[in-house]
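I have placed the structure first, in the form of structure tokens, so that the comments after it can refer back to it.
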Amino acid sequence: MSTAGGKKGELCPGHVSATRKLPARPAVSANLTEGKGDGKNIASFELSTLSGTEGAALRAAYAKDTTACATYRDASKLYVVRSAEGPTEVAGADEVLGRWAERIYYEKAHKKLAYARHYLVLRTGHVLTYVSYAFLTVDADPKAEDFSRTTELASVQLRKNATVFG
């Protein structure tokens, strides 16, 4: 496990995201906070377009990033564990190109979870939808294994996309 804080542009210490090696795409993004004050859940959405040939390269890049950044210590000195998981299908999407979870712990033993993040990258036609959901765990899901909220947020965004992009 890397213990460095990481340099600018690195996804995790010592690894620049494999997605940076792909052609840049114009994108629009939005971040939404659920509630007010500290410790609130945050959903991030990004939309971009994708050519017919980029899907496989993007899928491979996300897989490479997940392997390269499986465990590390971030710049805030928290311990991050990243794993490939989540739904293989999402209603309204033609394809799931990326899916992973990050669990962020206070200590090296990974006993006390600070918070978690779930990610989904979905393709519908030539529209690419990226959803990230950062949240505090609840008693019903103490290990942050339930992707239903992230999937629900993604489905809402996909329905909105369909009305705009038809």
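For the chain, the solvent-accessible area of protein heavy atoms averages 56 Å² per residue (probe radius 1.4 Å; ligands and nucleic acids excluded).
Computed about its Cα centre, the charge dipole of the range 53-166 is approximately 400 debye, with only Lys, Arg, Asp and Glu carrying charge at their Cβ. For the cross-link pairs LYS21/LYS111; LYS40/LYS111; LYS8/LYS143; LYS64/LYS143; LYS21/LYS160; LYS77/LYS111, the ones whose C-alpha atoms lie over 27 Å apart are LYS21/LYS111; LYS8/LYS143; LYS21/LYS160. Taking the 1.4 Å solvent-accessible surface of the chain as the whole, the part contributed by carbon and sulfur is 53%. The trypsin sites (Lys or Arg not before Pro) of the range 87-158 meeting both criteria, a DSSP state outside H, G, I, E and B (loop) and at most 14 other C-beta atoms within 10 angstrom of the site's C-beta, are LYS108, LYS111, LYS112, LYS143. Counting only DSSP H runs of at least 4 residues, each contributing -39500 (n - 2.57), and dividing by the residue count of the chain, the helix-based mean residue ellipticity at 222 nm comes to -6500 deg cm²/dmol. Semi-axes of the equivalent ellipsoid of the chain are 26, 20, 14 Å, computed as sqrt(5λ) over the eigenvalues of the C-alpha gyration tensor in descending order.
Mean separation of Cα pairs under 8 Å and 6 or more residues apart, divided by the residue count, gives the chain a relative contact order of 20 percent.
The values are calculated or read from the model by the stated rules, or taken from the named source; none is laboratory data. All figures in this text were calculated on a predicted structure; none of them were measured in a lab. Backbone-built Cβ (ideal geometry, glycine too); neighbour counts: all protein chains shown. With ligands, DNA and RNA removed, areas are computed over all heavy atoms of the protein, side chains included. Shrake-Rupley method; radii C 1.70, N 1.55, O 1.52, S 1.80 Å.
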